[in-house]
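Asker: Questions regarding the structure given below will be posed in turn.
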Amino acid sequence: MTTLEPATDAAQDNLAALESEAIHIFREVAGEFDRPVILFSGGKDSTLLLHLAIKAFWPAPVPFPLLHVDTGHNFDEVIEFRDRVVERHGLRLVVAKVQDWIDDGRLEERADGMRNPLQTTPLLDTIAENKFDAVFGGGRRDEERARAKERIFSLRNAFGQWEPRRQRPELWNLYNGRHRPGEQVRVFPLSNWTEADVWNYIAREKVELPSIYYAHQREVYLRDGMLLTEGPWGGPRPGEEVRELTVRYRTVGDGSCTGAIESTATTVEDVIAEVSASRLTERGATRADDRMSEAAMEDRKREGYF
C-alpha cells in the first residue's frame, strides 16, 4: 500500500491560489455574460469544474446549466455518475447525442468507429440553438500542446472556430469577454492546473469520481498500443486477445479511443503517487484520437472542438 507524506504548506498554498483563481473566473463570467454553460461529462476535470462552480456561488445554486455531448460510446459507470451528480445538486443537464446527428444524416459514422472527432458539430449546433455565449471547459494547459496555447478566455468566431494566432493578451487576472452577437467565448478555469494539482485537490476536498478512475479488474484487448474494453464501438477484432487485467483510466472520454493503463492504484493517494512518477501526459498515454497526427487536437480545436 502506498503512503504519502501530508502535503506541504507550499503545496496547500498553491491549491488555495488555484481555487481562488477558478472561483474568480466563474464569478467574472457570471457578471459579464448572459447565457453561460458548463461542459460536463462526468470525468474528473469537469467534476472538479462543477465542484468549484458550486463553491463560487454557495449557498445559492449554480446559475448555469450543464451540457454533455454524448457520443453513445460512454462507459456505463460514468453515465451513472453523471446522472447521479446532476440529481444530487438539482442541476439542469442538456444532452446532445451524437447518434441523433447520425440518424438524421447530419453526420456519418467513421470507418474506424471513433466518435470523439464527431462531437464538434453537435457541440456547435447545441451552443447556437441555446444561444450560449460562454462555455466553460475543463481543459488544462499541461494536457496537450494545442491546449497549452489557449488563453483562459478564448474567443470563438460566429462559426465556433478558434484562431490561435489571434488570441487576446491576458494580463494578471484581467479577462476580456467582449464578443459580437453570434460569437462565443470558451472559458478554462483549470488552465493553470496540472494533473497532479487536480488529484491533490480531489484528495483535499474529498471529491467523488466515477469508479473507473481507480484500479479494478476488467477484460481488455490490445490495439495500437492501447488497452481497450469491449463495447458498442466494436472490438475485439479477430486476432485481438481479450485478457483480464487490473487497470484504471486516467481520462474517461469516448470508449472507442480511450485506453486503460495497468495500475494497482485503488485510492486517491495511490493515484497521486502514480501520476507523480509518470513521464507521459494523460492524453498522450491513453487517447488514440490524439495520436492521429502531430496537430490532431489543434485541427479539431480550430473547427470548434472543446
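Read-outs throughout are calculated quantities, based only on the coordinates presented, and are distinct from any laboratory measurement. In this text the structure is predicted, and so the values were computed from the model without any measurement. Positions of Cβ are generated from backbone atoms using ideal geometry, with glycine treated the same way; all protein chains shown enter the neighbour counts.
Asker: Please give the length that would be gained between THR267 and ASP112 if that part of the chain were fully extended, namely 0.36 nm times their separation in residues minus their C-alpha to C-alpha distance (nm, one decimal).
Answerer: On the way: separation 155, 0.36 × 155 = 55.80 nm, distance 3.45 nm.
The THR267-ASP112 span can extend by a further 52.4 nm.
Asker: Please report Rg (one decimal) and Dmax (integer) in Å for the Cα set of segment 13-82.
Answerer: Taking only Cα atoms of segment 13-82, I get Rg and Dmax of 13.5, 40 Å.
Asker: Based on the alpha-carbon gyration tensor of segment 99-207 and its eigenvalue square roots a ≥ b ≥ c, which shape applies: rounded if a/c is under 1.5, prolate if not and a/b is larger than b/c, or oblate?
Answerer: Details: a/c = 2.01, a/b = 1.27, b/c = 1.58.
Oblate shape, in that a/c is at least 1.5 and b/c is the bigger or equal ratio.
Asker: Here is a follow-up. Among residues other than GLY113 whose Cβ falls under 11 Å from its Cβ, what is the net charge (Lys/Arg +1, Asp/Glu -1)? Mind showing how you got there, number by number?
Answerer: On the way: positive: ARG110, ARG115, ARG223, ARG237; negative: GLU109, ASP112, ASP254.
Taking every other residue near GLY113 into account, the sum is +1.
Asker: Can you check what the Kirkwood hydrodynamic radius comes to for segment 139-187, Cα pairs only, in Å to one decimal?
Answerer: 11.4
Asker: For segment 156-245, what class follows from the C-alpha gyration tensor (a ≥ b ≥ c being the square roots of its eigenvalues): rounded when a/c is under 1.5, otherwise prolate if a/b is larger than b/c, else oblate?
Answerer: Oblate, since a/c reaches 1.5 and b/c is not below a/b.
Asker: Now for a different question. Using the alpha carbon gyration tensor of segment 1-130, what are the three equivalent-ellipsoid semi-axes (square root of 5 times each eigenvalue), largest first, in whole Å?
Answerer: 31, 21, 14
Asker: Still on this structure, I have one more. With the Cα gyration tensor of the chain giving a ≥ b ≥ c as the square roots of its eigenvalues, does the rule (a/c under 1.5 for rounded; else a/b larger than b/c for prolate; else oblate) give rounded, prolate or oblate?
Answerer: In terms of gyration-tensor shape, oblate.
Asker: Hydropathy first: keep DSSP H helices in the chain averaging at least -0.5 on Kyte-Doolittle, then drop any whose Cα extent along the axis falls short of 18 Å, and list what survives.
Answerer: Numbers: long enough: 9-32 (34 Å, -0.10); 44-57 (20 Å, 0.72); 76-89 (20 Å, -1.02).
Length and hydropathy pass: 9-32, 44-57.
Asker: Measure off 7 Å from each Cα along the Cα-to-Cβ vector at LYS131 and LEU93, then give the distance between these two points in nanometres to one decimal.
Answerer: Taking the two extended label points, one gets 2.6 nm.
Asker: Report the charge-dipole magnitude of the chain in Debye, nearest 20, computed about the Cα centre from +1 at each Lys and Arg Cβ and -1 at each Asp and Glu Cβ.
Answerer: Here the chain has a charge dipole of around 940 debye.
Asker: What residues from segment 183-205 fall in the zone where the backbone N is under 15 Å from a label point 7 Å along the Cα-to-C-beta line of ILE54?
Answerer: Backbone N within reach: 202-205.
Asker: Ok, one more. Among DSSP bridges having both ends in the chain, what percentage is antiparallel? Round to the nearest 5.
Answerer: 60
Asker: Still on this structure: Suppose R0 equals 35 Å; then what is the FRET efficiency for PHE159 and ARG27 from their Cβ-Cβ distance, rounded to the nearest 0.05?
Answerer: Taking R0 as 35 Å, the efficiency between PHE159 and ARG27 is 0.75.
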